[in-house]
Structure formats: C-alpha cells, structure tokens
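Here's the structure we're looking at; comments come further down.
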Amino acid sequence: MSTQTLTTRTLSASSPLSGRIGLAQTARHSLALAGRGVTKFMKSPIQLVDVILTPIISLLMFVYLFGEAMSGGDTDRYLRLVTPGVMVMAVFQASVGIGASLCADASTGIFDRFRSMPIARSSPLIGAVLADIVRYVVCLATLVVLALVMGYRVETGPVASIAALALLVGFALSFSWISVYLGMLIKNPTSVQGLMTILILPLTFASNVFVPRDDMAGWLQAWSDVNPVSLVADAVRGLLNGGPVAGSLAGTFAWMAGVIVVFFPLAMRAYRKNAG
C-alpha cells in the first residue's frame with residue numbers, strides 16, 4: 001500500500017464529515033501531510049542536492065576567494081565572522097524551493113484532491129512548509145561539518161548552539177511563507193524562483209553577513225541595523241561565538257512574526273482562489 005494512500009486514510013479517519021475543524025485536527029492533518037512531504041524527500045534525495053552544494057560553494061568561496069582581501073589576510077578571523085552569516089544566507093535561499101514546488105504541484109491537480117477531503121484548508125500548505133524542515137536541517141548540517149573541517153570552533157555551549165540552529169530553522173520557516181504566497185499566486189515555478197531571488201539578494205548583500213557593520217557606508221549601516229538578515233546573523237553570531245543577543249533576537253522575532261502575520265493569510269487567500 002502506498003504512502004499517499006495511507007496518508008489519505010489517516011487524514012480521512014481523523015476528520016469529521018461535517019462541522020468546523022478545530023486547531024488540534026488541523027495540526028494532525030498538517031503533520032500527516034508533512035510526513036508525506038518528508039517521504040518524498042527520502043524517496044528522491046536528489047531534491048536535496050541544492051541545499052548541500054550551495055552552502056559548500058558559498059562558504060569556500062567567501063573564505064578562500066574573498067576572505068583574505070576582506071579580513072586583511074586573517075582568514076581565521078573572517079571564518080569566525082562569515083560562518084554564521086553563510087548559515088543565514090543558506091537557509092534563506094533554501095526557503096525559495098517551497099514556493100516553486102507548490103506552484104508545480106498546483107498544475108497536477110493535487111490541491112483539488114485535498115480540497116475534496118474533509119481536512120483543514122490550511123493543512124496542505126502548513127504540511128508542505130513543515131516538510132521543508134528536512135531541507136533546512138540538511139543544509140545546516142552540511143555547513144556545520146564543513147566549517148568545523150575548515151577550522152571554525154563554537155565558543156559557547158551546546159544549549160546556545162542548538163538555540164542558534166533552531167533560530168535559523170524558525171527564520172527560514174517564517175520567511176518561506178513569502179515563497180508560498182508567490183507559489184500560489186504565480187503559475188510559473190521559474191517566475192517564483194526569480195522573484196524570490198530578487199528579494200533575497202538585496203537583503204543578503206546589503207547586510208552584515210559578509211562584512212562587519214562598521215565597515216559599511218553610513219546609510220548602509222542604518223539599513224543593516226533593521227535588515228532581518230543582519231539581525232538574525234548577529235543573533236546567531238552571539239549564540240555561537242559569544243556576545244550580546246537580546247537586541248538582535250528581539251528584532252529577529254519581530255520580523256518573523258510580522259512576515260507570518262502578513263503572508264500566511266495572503267498565502268491562504270491565494271490558495272483558496274487557486275483551488276477554486
């Protein structure tokens with residue numbers, strides 16, 4: 001019996017035939033569909049190639065190609081600065097895939113099938129977003145192993161390190177709702193990726209991911225202070241390298257909450273319209 005059939009039966013068995021679907025049932029439906037998404041990754045690991053190769057190339061390139069010039073020859077110090085930043089950039093880029101994937105799924109009619117089932121309307125989107133945690137974990141695991149091989153050392157304890165990784169996953173999950181919204185709004189997966197790239201590149205390169213804030217122009221410093229990528233990079237640096245994190249954490253959580261509040265309803269509205 002296929003995993004998809006089992007998922008369908010699980011969803012149907014846990015759902016009433018009529019009446020309002022509650023929060024607990026929505027959570028069960030979403031987790032069941034997230035399991036379906038994880039199974040797809042397990043059956044086709046090729047889908048994870050981008051989240052493995054991209055962080056490897058990025059970290060090697062910025063440390064060994066640009067690091068000496070940016071750090072005045074002290075590549076070890078630059079590795080300490082850039083590793084948390086590349087982690088942020090990598091998970092941010094990994095969040096692009098969910099929108100393109102959902103856009104492609106919409107053309108297969110799978111959402112019509114979900115719509116015919118007695119499940120919460122939000123479950124297919126929430127489940128897809130939760131399944132993407134696999135991509136973020138693989139991405140971060142790749143970066144951690146490579147950074148350790150290159151000489152990076154965490155200067156805090158295991159609790160702070162786990163908190164940093166959890167923050168990165170939470171950041172990616174929050175901002176992935178922008179990609180989900182575009183995936184439901186636009187009919188072309190390539191266009192979704194293009195628009196997300198237009199968003200990600202300015203946020204990433206106009207941040208303190210690759211250069212210290214004090215080395216930026218005055219107007220760019222002002223933008224970096226409120227840039228969500230800079231804020232989460234500072235928080236991760238504090239959690240991994242040591243240093244203050246309260247201000248950057250507060251700013252990061254504010255951005256994460258704001259993105260969810262704005263783009264989750266927009267994504268659901270576009271999904272309902274897309275599904276008819």
Q: Pairs only if they're at least six apart or on different chains, beta carbon under 7 angstrom, first in the stretch 55-67 and touching a residue at least 24 places away in the same chain (Cβ under 8 Å), second not in a helix (DSSP H, G or I); list them, first residue then second.
A: Phe62/Phe210
(Q) So, restricting to helices (runs of 4 or more DSSP H) that lie completely within the stretch 137-242, which ones have at least 1 residues that are modelled with pLDDT of 95 or more? (A) 158-185, 228-241
Q. Among the residues of the stretch 63-82, is there at least one that is part of a helix (DSSP H, G or I), modelled with pLDDT under 75, surrounded by 14 or more Cβ atoms within 10 Å (Cβ to Cβ) and polar (S, T, N, Q)?
A. yes
Q: Answer yes or no: is there a residue in the stretch 120-133 that is basic (Lys, Arg) and open to solvent by 40 Å² or more (accessible area, probe 1.4 Å).
A: yes
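To keep it simple, each residue is scored yes or no on (1) more than 20 Å from Leu168 (Cα to Cα); (2) open to solvent by less than 30 Å² (accessible area, probe 1.4 Å).
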position	(1), (2)
Val192	yes, yes
Leu199	no, no
Ala206	no, yes
Leu220	yes, no
Leu231	no, yes
Gly238	no, yes
Ala254	no, no
Tyr271	yes, yes
Q. With respect to the numbered conditions (1) in contact (Cβ under 8 Å) with a residue 60 or more places away in the chain; (2) aromatic (Phe, Trp, Tyr); (3) more than 20 Å from Ser176 (Cα to Cα), which one is the sole condition not fulfilled by Tyr78?
A. (1)
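The values are calculated or read from the model by the stated rules, or taken from the named source; none is laboratory data. These numbers were taken from a predicted model, which means no experiment stands behind them. Don't worry about glycine lacking a Cβ; one is built from the backbone with ideal geometry, like all the others, and counts go over all protein chains shown. The accessibility values were calculated without ligands, DNA or RNA, using every heavy atom of the protein model including side chains. Shrake-Rupley method; radii C 1.70, N 1.55, O 1.52, S 1.80 Å.
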